[in-house]
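A quick write-up on the structure given underneath.
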């Protein structure tokens, strides 16, 4: 899943080397923390959050087979 997030986000940004995905796994949920360069935040979020929503939709669909809830947080 971490690889999937990186594969989606890296082509979108100007600084792909700054893309970092951290995983926090708990009993009933898995949280992915996506960190990008400050100047790339607008590209990852998109107008009215459309790009971020699309990324989340793909990640949630890919993780639907797991028993745990999946969350994606985007930060700088």
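Yes or no: region 53-60 includes at least one residue that is touching a strand residue (DSSP E or B) at 6+ places or on another chain (Cβ under 8 Å), assigned to a strand (DSSP E or B) and modelled with pLDDT under 95.
Going through region 53-60, the residues touching a strand residue (DSSP E or B) at 6+ places or on another chain (Cβ under 8 Å) turn out to be 55-56, 59-60.
Subsequent filtering for residues that are assigned to a strand (DSSP E or B) retains none.
No - not one qualifying residue is present in region 53-60.
Pull up region 61-76, narrow it to residues that are surrounded by 10 or more Cβ atoms within 10 Å (Cβ to Cβ) and over 10 Å from the mean Cα position of the chain (by Cα), then point me to the one that is farthest from residue 35 (Cα to Cα).
My answer is 66.
Go through region 28-54 and report how many residues are in contact (Cβ under 8 Å) with a residue 12 or more places away in the chain and either surrounded by fewer than 16 Cβ atoms within 10 Å (Cβ to Cβ) or under 13 Å from residue 2 (Cβ atoms) (or both).
The initial filter retains those residues of region 28-54 that are in contact (Cβ under 8 Å) with a residue 12 or more places away in the chain, namely 28-41, 43-45, 51-52.
Okay, now just the ones that are also either surrounded by fewer than 16 Cβ atoms within 10 Å (Cβ to Cβ) or under 13 Å from residue 2 (Cβ atoms) (or both), so 28-35, 38-39, 41, 43.
Total satisfying the criteria: 12.
Looking at the structure I just gave you, is residue 8 in a helix (DSSP H, G or I), surrounded by 14 or more Cβ atoms within 10 Å (Cβ to Cβ) and under 13 Å from the mean Cα position of the chain (by Cα)?
Working: in a helix (DSSP H, G or I): yes; surrounded by 14 or more Cβ atoms within 10 Å (Cβ to Cβ): yes; under 13 Å from the mean Cα position of the chain (by Cα): yes.
Yes, satisfied.
Keeping to region 1-24, report how many residues are in contact with a strand residue (DSSP E or B) (Cβ under 8 Å, 6 or more places away or on another chain) and free of Cβ contacts under 8 Å to residues at least 60 places away in the same chain.
Kept after step one, since they are in contact with a strand residue (DSSP E or B) (Cβ under 8 Å, 6 or more places away or on another chain), are these residues of region 1-24: 1-2, 5-6, 9, 18-24.
This time we only want the ones that are free of Cβ contacts under 8 Å to residues at least 60 places away in the same chain, so: 2, 6, 9, 18-24.
Matching residues across region 1-24 total 10.
The values are calculated or read from the model by the stated rules, or taken from the named source; none is laboratory data. Treat the numbers as computed from the prediction; the structure is a model and nothing was measured. Glycine gets a Cβ as well: all are built from the backbone with ideal geometry, and neighbour counts include every protein chain shown.
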